[in-house]
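Heads up, the thing below is written out as structure tokens.
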Amino acid sequence: MRRRPDLMLILLMLFLIGTFGLNFPIFLSTMSLTAFHAGAGQYGVLSSVMACALAAVMPNYWLFGMMLVVIGIAAQTFITSVYSSVQLSTAPAMRGRVMALLSAISAGGTPLGAPIVGWVADTFGPRWALGIAALSGLAAALVGVRYLVRHHHLRLNLDVRRWRVALSSDQR
């Protein structure tokens, strides 16, 4: 695994997002009860739909609920992409071991981050806890960009009139 930077990247991104970004029970319960003063029924509705960085600044229950749909779709897409990418890029002889490690990170990250995210929600409020989730997604994206720059020669050329991204096919 250590010799496969692409797999290490995926595992690191999964750890960051899984540990701090996928603690939905904490986010939903604290936002529902503390920020919107809603009851258990409204919490159940929110649990059914799913929040991204924009959800942290939504002023009311209904707009917050609509933002949860976006994160639900994004979370499912991310998890599906992680599992399929790892399965397709791993040699059959190593696939079981790699998938076991992936599952351990996936299942173990969220309980590690839950006390931290819960403390942030209790101390600073649920919107700050959602901010931590958004930062974990941003950190994962930056890790991905760093990988592309380092291993696939991604270049971002800034021009006054437009942004240009170039991906070279040369390998180091």
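Observations on the model:
- If you sort the three axes of the alpha carbon gyration tensor as a ≥ b ≥ c, you get a/c of 1.5 or more for the stretch 90-159 and a/b no higher than b/c, which makes it oblate.
- Each residue of the stretch 63-71 was assigned a 3J(HN,Hα) from its phi angle through the Karplus expression (A = 6.51, B = -1.76, C = 1.60, θ = phi - 60°), giving 5, 4, x, 5, 5, 5, 4, 4, 6 Hz with x at Gly and Pro.
- Rounded to whole Hz, the Karplus (6.51, -1.76, 1.60) HN-Hα couplings of the stretch 99-112, x for glycine and proline: 5, 5, 5, 4, 5, 5, 5, 5, 7, x, x, 4, x, 5
- Long-range amide H partners of F36 with built H, under 5 Å: none
- Residues listed by number, the stretch 8-34, amide nitrogen under 19 Å from L112 label point at 7 Å toward C-beta: 8-26
- Taking amide H as placed 1.01 Å from N in the peptide plane, L154 has its amide H under 5 Å from the amide H of V149, S168, each at least 5 places away in sequence or on another chain.
- Taking θ as phi - 60° and the Karplus parameters 6.51, -1.76 and 1.60, the scalar couplings of the stretch 21-37 work out to x, 10, 8, 4, x, 5, 4, 5, 5, 5, 5, 4, 7, 8, 6, 10, 6 Hz in sequence order, x denoting glycine and proline.
Computed from the coordinates by the stated procedures, all read-outs in this text should not be read as laboratory data. Please read all numbers here as calculations on a predicted model, not as lab measurements. Note that we place each Cβ from the backbone using ideal geometry, even for glycine, and neighbour counts take in every protein chain shown.
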